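Written below as structure tokens is the structure these notes are about.
The values are calculated or read from the model by the stated rules, or taken from the named source; none is laboratory data. Computed from a predicted model, the values in this text were never measured in an experiment. Backbone-built Cβ (ideal geometry, glycine too); neighbour counts: all protein chains shown. When the accessible area is computed, the model is the full protein with side chains, heavy atoms only, and any ligands, DNA or RNA have been set aside. Shrake-Rupley method; radii C 1.70, N 1.55, O 1.52, S 1.80 Å.
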Amino acid sequence: FHYHRLSPTEYLHSNTQPKDTDETTMIIPVRCFTCGKVIGNKWETYLYLLQADYSEGDALDELGLRRYCCRRMMLTHVDLIEKLLNYNTESSEGMAVDGA
């Protein structure tokens, strides 16, 4: 699948956004931990820009993330949702519960 090079604004307002095929979503922090700037709404566009052959720095510049604290939040984010889904709390498999 080849992406056309759109600006982030054009991408957000277009219907050409790639759709996720699985039902899990990312758990990206909504705000920068240091300065409080809203960054959660930029994750999908960031991934799109990376797939459109932008470098990490150029993609962050396009998104308007100039502070190094906000850039850190995007660059170092690790998707843990897949690992967390392995711990199903509704399942009693492997857990012994004594009534006494």
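Here are a few things to note about the model shown:
- For region 86-98, the criterion of a residue being out of contact with any Cys (no Cβ under 6 Å at 6 or more places or on another chain), hydrophobic (A, V, I, L, M, F, W, C) and modelled with pLDDT of 80 or more is satisfied by no position.
- Across region 44-93, the number of residues qualifying as open to solvent by less than 20 Å² (accessible area, probe 1.4 Å) and not β-branched (V, I, T) comes to 11.
- Positions within region 47-70 being in contact (Cβ under 8 Å) with a residue 40 or more places away in the chain and either part of a helix (DSSP H, G or I) or under 18 Å from F33 (Cα atoms) (or both), in sequence order: Y48, L49, Q51, E62, L63
- Subset tally (residues that are modelled with pLDDT under 65 and not hydrophobic (A, V, I, L, M, F, W, C)) for region 11-58: 14
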